[in-house]
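Colleague: Would you mind keeping the following structure in view while I ask a few things?
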Amino acid sequence: MRRVLVTGVTGFAGSHLVDYLLTRGDCEIYGIQRWRSRTENIEHLRDHITLLECDLRDASSTRDTLERVRPDLVFHLAAQSFVPTSWSAPSESLTTNVLGQLNIFEAVRRIGSRCRIQLACSSEEYGMVYPDEVPILETNPLRPLSPYAVSKVAQDMLGYQYWMSWKVDNVRTRGFNHEGPRRGPVFVASDFAKQIADIEKGRKPPVVHVGNLEALRDFTDVRDMVRAYWLALEKCEPGEVYNICSGRAWKIKDVLDHLLGLSRVKIEVKQDPARLRPSDVPVLIGDHGKFTNATGWEPTIPFEQTLADMLEYWRAR
Ligand code: GDD
């Protein structure tokens, strides 16, 4: 049995990762939560994991937790993950994301733990990508366009530095957009799916509010993504960085049109200026060749299926 610690276990990816770990049957699973975390995503998991209270922004709380769990593997998914929040609350985003990870590294180093750590870095780090720079390789320049993206660059660079300086064993996964059931309602596909489900139930007028529909994103189903996180720790090199993506792009307008095509009612589309960002990453299309060579991973769930599952999720709630 491997002792596995999941940070961000109450979140979207964290809860799906635990679902995956349980199918394996070879892990003793620990998750951490802050006292005020919402736990709806993990109600079905409560009997199968040990939940501990911990605030990663607090060094002693983090160290106590790592000393108590003594994990073999750490999946570090906890973060302030919504890009627009990082403009309204930049210091909160940077503190949560950068300091939280720093506290894990320092705790691991100081208690002499030999665990492997997966770091949920992000395709947002590439930021300003020009049309002739796709598909994006791990060697592309990092030109972050939001405080959130800067925080992920910092997490990414800290991973490299702690490996080089202290041999803290970590693998950096640059996850591109991932979606699926339980996705927070602020993210684009979930936001649109929830609005449509609300309209179908007659809870709001038949108008979907949207932001920038021109951006291109490379979407992967969260269930493929968490399997990739596992493989990263099973098969990848410490100190290395890997893109995890589908290699295909969807225009946000096409995501909306696809969901509208699944809806049972006629719906109008309206742009809401409040949903436009000070700077939006124009295009993310990744190349996952390096990761696939190392692990054999390929995405298996088509995005059309992911979108249908998301709409069903919101209809059922
Ligand atoms: N959220 C949202 N709501 N986004 C909209 C909307 C809307 O109404 N309309 C258009 N968009 C556009 C955004 O401007 C952006 O170009 C795209 O849809 C995706 O937005 P999000 O779903 O909020 O995700 P993101 O790409 O900013 O960031 C996500 O992916 C990153 C990986 O690339 C998050 O999951 C990050 O945490 C993650 O690191």
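The values are calculated or read from the model by the stated rules, or taken from the named source; none is laboratory data. Computed from a predicted model, the values in this text were never measured in an experiment. Cβ sites come from the backbone with ideal geometry, for glycine too, and all protein chains shown count toward neighbours. Remember, those area values only see protein heavy atoms, side chains included, never the ligands or the DNA or RNA. Shrake-Rupley method; radii C 1.70, N 1.55, O 1.52, S 1.80 Å.
Colleague: Over the chain, with every protein chain in place, what whole percent of the accessible area is carbon and sulfur at 1.4 Å, could you tell me?
Modeller: Heavy-atom surface of the chain belonging to carbon and sulfur, 1.4 Å probe: 51 percent.
Colleague: Compute the long axis of helix 188-200 from its Cα atoms, compare it with the longest principal axis of the Cα atoms of the chain, and write down the angle in degrees, 0 to 90, nearest 10.
Modeller: The angle comes out at about 50 degrees.
Colleague: For Met157 and Glu237 in one chain, what is 0.36 nm times their gap in residues minus the Cα-Cα distance, to one decimal in nm?
Modeller: Fully extending the segment from Met157 to Glu237 adds 27.2 nm.
Colleague: Tell me, what ³J(HN,Hα) does each residue in the stretch 266-274 have, in order and in whole Hz, if you take phi through Karplus 6.51 cos²θ - 1.76 cosθ + 1.60 with θ = phi - 60° and put x for Gly and Pro?
Modeller: In residue order, the calculated couplings are 8, 10, 8, 10, 9, 7, 10, x, 5 Hz.
Colleague: Another one. Quick check on the stretch 164-276: of the DSSP beta bridges with both residues there, what percent are antiparallel, nearest 5%?
Modeller: Among the beta bridges of the stretch 164-276, antiparallel pairing accounts for roughly 15 percent.
Colleague: I need the phi-derived Karplus couplings for the stretch 277-286: 6.51 cos²θ - 1.76 cosθ + 1.60, θ = phi - 60°, integer Hz, Gly and Pro marked x.
Modeller: In residue order, the calculated couplings are 9, x, 8, 10, 4, x, 8, 10, 9, x Hz.
Colleague: Holding the Cα-Cα limit at 29 Å, pick out from Lys270/Lys290; Lys201/Lys251; Lys194/Lys235; Lys167/Lys235; Lys194/Lys290 the pairs that are longer than that.
Modeller: Correct reply: Lys270/Lys290; Lys194/Lys235; Lys194/Lys290.
Colleague: Could you pull out the trypsin sites (Lys or Arg not before Pro) across the stretch 131-206 that fall in loop regions by DSSP (anything but H, G, I, E, B) with no more than 16 other Cβ atoms inside 10 Å?
Modeller: Listed in order of number, the matching sites are Lys167, Lys201, Arg203.
Colleague: Whole-Hz Karplus ³J(HN,Hα) for the stretch 6-11, in order, using 6.51 cos²θ - 1.76 cosθ + 1.60 and θ = phi - 60°, x for Gly and Pro?
Modeller: 10, 8, x, 5, 7, x
Colleague: Rolling a 1.4 angstrom probe over the protein heavy atoms, how many square angstrom per residue are accessible across the chain?
Modeller: 43 Å²
Colleague: Any idea what angle helix 147-166 forms with the longest principal axis of the chain, computed on alpha-carbon atoms, 0 to 90 degrees, nearest 10?
Modeller: That works out to roughly 20 degrees.
Colleague: Here is a follow-up. Return the long-range amide H neighbours of Val269 (sequence gap of 5 or more, or a different chain), with a cut-off of under 5 Å between placed amide H atoms.
Modeller: Under 5 Å from the amide H of Val269 lie the amide H atoms of Val208, each far enough along the sequence or on another chain.
Colleague: Looking at the chain as a GNM with Cα springs under 10 Å, which of Pro141, Pro71, Pro84 has the largest mean-square fluctuation?
Modeller: Result: Pro141 has the largest fluctuation of those listed.
Colleague: Quick check for me: using +1 on Lys/Arg Cβ and -1 on Asp/Glu Cβ, what's the dipole size of the stretch 235-293 about its Cα centre, in debye to the nearest 20?
Modeller: I would put it at about 280 debye.
Colleague: What relative contact order, as a whole-number percentage, does the chain give when Cα pairs under 8 Å and 6 or more residues apart are counted?
Modeller: 18 percent
Colleague: Once you place label points 7 Å from the Cα toward the Cβ at Leu52 and Lys253, how far apart are they in nm?
Modeller: Rounded to a tenth, the inter-label distance reads 5.0 nm.
Colleague: When DSSP beta bridges are limited to those with both residues in the chain, what percentage is antiparallel, rounded to the nearest 5?
Modeller: Just about 5 percent of them are antiparallel.
Colleague: Does anyone have the angle between helix 222-235 and the longest principal axis of the chain? Alpha-carbon axes, 0 to 90°, nearest 10?
Modeller: 20 degrees
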